[in-house]
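What follows is a set of notes on a single structure, which appears directly below.
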Amino acid sequence: MRDAWEFLKPYLGRYRASLLAGFGALAAKDLLATSLPLIIRAGVDSISSRFALSTLMKFCALLIGLAAIKGLFQYWMRVILIGVSRDIEYDMRNDLFAHLLRLSPDFYARTRTGDIMARATNDLNAVRMMLGPGIMYWFETSLTFVLAIIVMAWVDWRLTALALLPAPLVSLAVFWFGRIIHVRFERLQAMFSDITSKVQESLAGVRVLRAYVQEEAELRQFERLNRDYIAQSLRLARVSGMFLPLLQSLVGLTFLIVLWVGGLRVMSGRITLGTFVMFSTYMAMLIWPMIALGWVVNLVQRGLASLKRMREILQERPSIAAPPAPRPVPAGGDIEFRNVSVIYRGTRALDRLNLTIRQGETVAVVGRTGSGKSTLVRLIPRLLDPDEGQVLLGGVDLREFDPAELRRIIGMVPQETILFSATLAENIAFGVEQATREQIAQAAEQAGLGPDLASFPQGLDTLIGERGLTLSGGQKQRTAIARAILRDPRILILDDALSSVDTLTEERILQGLASVMRGRTTILISHRVSTVRQADRILVLEDGRIVEEGTHAELLAAGGYYADLYQKQLLEEELEAV
Ligand code: ADP
Ligand code: MG
């Protein structure tokens with residue numbers, strides 16, 4: 001509760017003026033509303049002692065006038081307070097997205113996308129409902145209660161005390177049911193996360209799903225989740241459904257007391273008819289607040305449950321962040337791995353690895369799938385920090401740099417290409433706002449996209465991705481390479497970036513890249529000898545350790561894994577040529 005308040009304070013504080021105005025309107029509305037029964041009382045008393053049409057008209061006009069003004073305040077109250085909740089929703093959504101962008105890859109590795117989506121939509125909505133209608137009706141009803149009770153007690157405190165006898169029961173019910181609703185709602189939202197995740201994963205993998213004819217199985221799994229969700233919804237509905245009638249019957253009890261006891265008191269002449277009517281009017285007026293209270297408790301409980309789920313994401317700290325006083329990233333320098341280990345859940349992906357890559361050198365890394373090649377290069381732009389040892393650039397530990405600054409000098413083509421629903425040019429210029437048309441075209445050319453461009457309907461302006469042209473694997477990779485080249489990086493990393501192109505295209509791309517690679521530190525990961533043979537140095541990685549190291553000729557002479565690989569691929573090429 002306190003945590004929630006600490007979290008909400010800055011959001012609410014930003015709208016202090018509006019909140020003040022909104023609550024002002026709320027107070028005015030409640031004051032006017034509670035004054036109406038007093039006027040009715042005066043009216044009834046004055047005409048029951050001496051009937052006059054003019055008096056009746058006067059009271060009617062007064063009632064209508066006050067009700068109209070009350071309505072006006074009610075309108076302002078809603079517009080302002082609900083408006084603020086929308087503003088806060090807007091702020092929170094922005095903050096949430098900004099925060100998600102800052103979080104490190106390890107967060108996304110252990111969190112399901114659907115779960116994040118659910119929290120950013122359903123839960124955010126529940127929080128807004130709490131901050132808007134929830135808080136507004138909470139204050140509206142409490143104030144109405146307090147004011148009505150003050151007036152009633154002032155007129156006849158005995159009758160008031162009797163009328164309020166069921167009140168403790170009401171609080172008890174609210175407290176008891178509120179807790180159950182909270183727990184059940186929390187479980188319901190978690191289930192919704194599961195469903196969202198399921199849908200998201202199915203849609204993302206819809207091609208595989210079809211290819212393996214898993215539609216039926218997928219549907220059955222979804223149906224099961226959906227059924228669980230409905231069952232949980234009903235479980236929630238059962239308590240919420242019991243809550244309302246219970247409150248209503250407690251309210252009805254109050255009514256009964258006022259009618260019975262109040263009626264007797266009128267007959268014995270202890271209170272006037274007007275007072276009796278006033279009491280009844282107040283009771284009628286309090287029915288809605290009592291019912292609303294149940295609803296509001298519901299809203300607030302749900303809002304708090306959802307707020308907790310949202311804060312779980314917002315409290316995630318990026319595991320890779322800038323140090324308090326980051327060092328400037330040097331213009332050049334060697335990359336050095338000192339006793340570096342990366343441990344994923346107990347297994348070493350890199351095992352006390354030592355390696356120096358000189359500035360301007362082209363180093364190739366080969367090795368079996370799972371030998372740690374990707375892990376090795378992910379350390380350089382700090383997409384990952386080592387668990388043991390150090391990675392240094394120009395003699396400075398990478399952890400002393402701001403990762404954003406460091407990444408600016410690195411062009412990395414990851415193993416999996418990610419393109420966005422945008423034009424080809426926009427995809428290539430991703431992250432380089434000031435790129436000119438010529439630069440983009442040149443990068444595309446160097447990456448070997450030239451012939452493809454000619455075949456695209458609108459050349460560089462062809463829309464690609466989900467809402468445009470679907471590129472082949474090789475075209476995607478070349479687009480990603482163009483993207484990396486355009487950054488004019490000092491360090492260029494290609495993680496198996498030529499795996500989806502044929503040998504001929506590969507040769508063309510390598511030729512295009514040769515001029516780009518000159519003067520830059522380049523790290524080339526591949527399983528193809530033809531890709532890596534020109535490198536200054538070739539490393540063979542196995543189980544996170546460097547097992548062979550040297551030039552193409554040296555490694556061939558050594559007769560290890562690399563020489564084997566070479567023989568195998570030579571044979572394949574010959575077979576293909578036949
Ligand atoms: P390569 O690129 O050579 O195929 P990787 O560097 O991707 O190898 O992976 C090395 C080892 O680390 C593999 O055994 C892989 O399963 C494991 N690994 C890679 N990334 C993760 C991760 N995010 N979580 C857990 N294990 C991982
Ligand atoms: Mg890899």
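The values are calculated or read from the model by the stated rules, or taken from the named source; none is laboratory data. Everything numeric in this text was worked out from a predicted model, so none of it was measured. We place every Cβ from the backbone using ideal geometry, glycine too, and count neighbours over all the protein chains shown. For the accessible areas, the whole protein counts, side chains as well, though only heavy atoms, and no ligand, DNA or RNA atoms are used. Shrake-Rupley method; radii C 1.70, N 1.55, O 1.52, S 1.80 Å.
Looking at 120, 68, 126, 98, can you tell me which residue is surrounded by fewer than 16 Cβ atoms within 10 Å (Cβ to Cβ) and closer than 24 Å to residue 15 by Cα?
98
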Exercise for the section: Any residue in segment 437-451 that's in a loop (DSSP other than H, G, I, E, B): show its pairings with residues that are of a type outside the set (A, V, I, L, M, F, W, C) and at pLDDT below 90 at Cβ separation under 7 Å, as long as the two are six or more apart or on different chains. Expected result: 447/512; 448/505; 448/508; 448/512
Handout entry: Only listed residue being under 30 Å from residue 319 (Cα atoms), open to solvent by 70 Å² or more (accessible area, probe 1.4 Å) and at pLDDT 95 or above, chosen from 75, 108, 90
Key = 90
Completion exercise
The residue that is farthest from residue 366 (Cα to Cα), considering only those in segment 468-477 that are open to solvent by less than 20 Å² (accessible area, probe 1.4 Å) and away from ligand 1 (no atom under 16 Å from the Cβ), is 471
Completion exercise
All-but-one check, residue 141 against (1) at pLDDT 90 or above; (2) under 30 Å from residue 28 (Cα atoms); (3) open to solvent by less than 40 Å² (accessible area, probe 1.4 Å), failing number (1)
Exercise for the section: Scan segment 368-397 residue by residue and report those that are more than 16 Å from ligand 2 (Cβ to nearest atom) and either within 28 Å of the chain's Cα centre (by Cα) or open to solvent by 50 Å² or more (accessible area, probe 1.4 Å) (or both). Expected result: 382, 385, 386, 387, 388, 390, 395
Practice task
Would you tally the residues in segment 171-185 being at pLDDT 80 or above and out of contact with any Lys or Arg (no Cβ under 9 Å at 6 or more places or on another chain)?
Solution key: 8
Exercise for the section: Considering each residue of segment 481-510, count those that are hydrophobic (A, V, I, L, M, F, W, C), under 34 Å from the mean Cα position of the chain (by Cα) and more than 16 Å from ligand 1 (Cβ to nearest atom), and give that number. Expected result: 7
Exercise for the section: Please note which helices (runs of 4 or more DSSP H) are completely contained in segment 346-432 and include at least 2 residues that are in contact with a helix residue (DSSP H, G or I) (Cβ under 9 Å, 6 or more places away or on another chain) and more than 15 Å from ligand 1 (Cβ to nearest atom). Expected result: 424-428
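Return yes or no: is residue 540 open to solvent by less than 50 Å² (accessible area, probe 1.4 Å) and under 27 Å from residue 341 (Cα atoms)?
Details: open to solvent by less than 50 Å² (accessible area, probe 1.4 Å): yes; under 27 Å from residue 341 (Cα atoms): yes.
The answer is yes for residue 540.
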Handout entry: Of residues in segment 533-560 being touching a strand residue (DSSP E or B) at 6+ places or on another chain (Cβ under 7 Å) and assigned to a helix (DSSP H, G or I), the one nearest to ligand 1 (Cβ to nearest atom)
Key = 555
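Among the residues in segment 297-320, are any of a type in the set (Ser, Thr, Tyr), assigned to a helix (DSSP H, G or I) and open to solvent by less than 40 Å² (accessible area, probe 1.4 Å)?
Checked against the condition, which is being of a type in the set (Ser, Thr, Tyr), assigned to a helix (DSSP H, G or I) and open to solvent by less than 40 Å² (accessible area, probe 1.4 Å), segment 297-320 yields at least one hit.
Quick one: how many residues across segment 510-532 are part of a loop (DSSP other than H, G, I, E, B) and either more than 16 Å from residue 495 (Cβ to Cβ) or in contact (Cβ under 8 Å) with a residue 60 or more places away in the chain (or both)? Outline the logic, then answer.
Of the residues in segment 510-532, the ones part of a loop (DSSP other than H, G, I, E, B) are 518-520, 526-528.
Narrowing further to those that are either more than 16 Å from residue 495 (Cβ to Cβ) or in contact (Cβ under 8 Å) with a residue 60 or more places away in the chain (or both): 518-520, 526-527.
The number of residues fulfilling the criteria is 5.
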Practice task
Could you tell me whether segment 489-506 includes any residue that is surrounded by fewer than 19 Cβ atoms within 10 Å (Cβ to Cβ), at positive phi and part of a loop (DSSP other than H, G, I, E, B)?
Solution key: no
Problem - Residue in segment 13-26 that is nearest to residue 278 (Cα to Cα), counting only those that are of a type in the set (A, V, I, L, M, F, W, C) and surrounded by fewer than 16 Cβ atoms within 10 Å (Cβ to Cβ) - result: 20
Exercise for the section: Would you mind stating whether residue 249 is surrounded by 18 or more Cβ atoms within 10 Å (Cβ to Cβ), of a type in the set (Ser, Thr, Tyr), over 30 Å from residue 47 (Cβ atoms) and in the same structural domain as residue 149 (by TED's automatic domain parsing)? Expected result: no
Exercise for the section: Pick out the one residue from 137, 75 that is among the hydroxyl-bearing types (Ser, Thr, Tyr), more than 16 Å from ligand 1 (Cβ to nearest atom) and touching a residue at least 40 places away in the same chain (Cβ under 8 Å). Expected result: 137
Handout entry: Conditions (1) within 16 Å of ligand 2 (Cβ to nearest atom); (2) open to solvent by 30 Å² or more (accessible area, probe 1.4 Å); (3) within 23 Å of residue 548 (Cβ to Cβ): number failed by residue 344
Key = (3)
Completion exercise
Only one of 290, 283, 267, 242 is open to solvent by 80 Å² or more (accessible area, probe 1.4 Å) and at pLDDT below 90, namely 242
Exercise for the section: May I ask you to verify whether residue 220 is of a type in the set (D, E, K, R) and either under 30 Å from residue 118 (Cβ atoms) or outside the structural domain of residue 197 (by TED's automatic domain parsing) (or both)? Expected result: yes
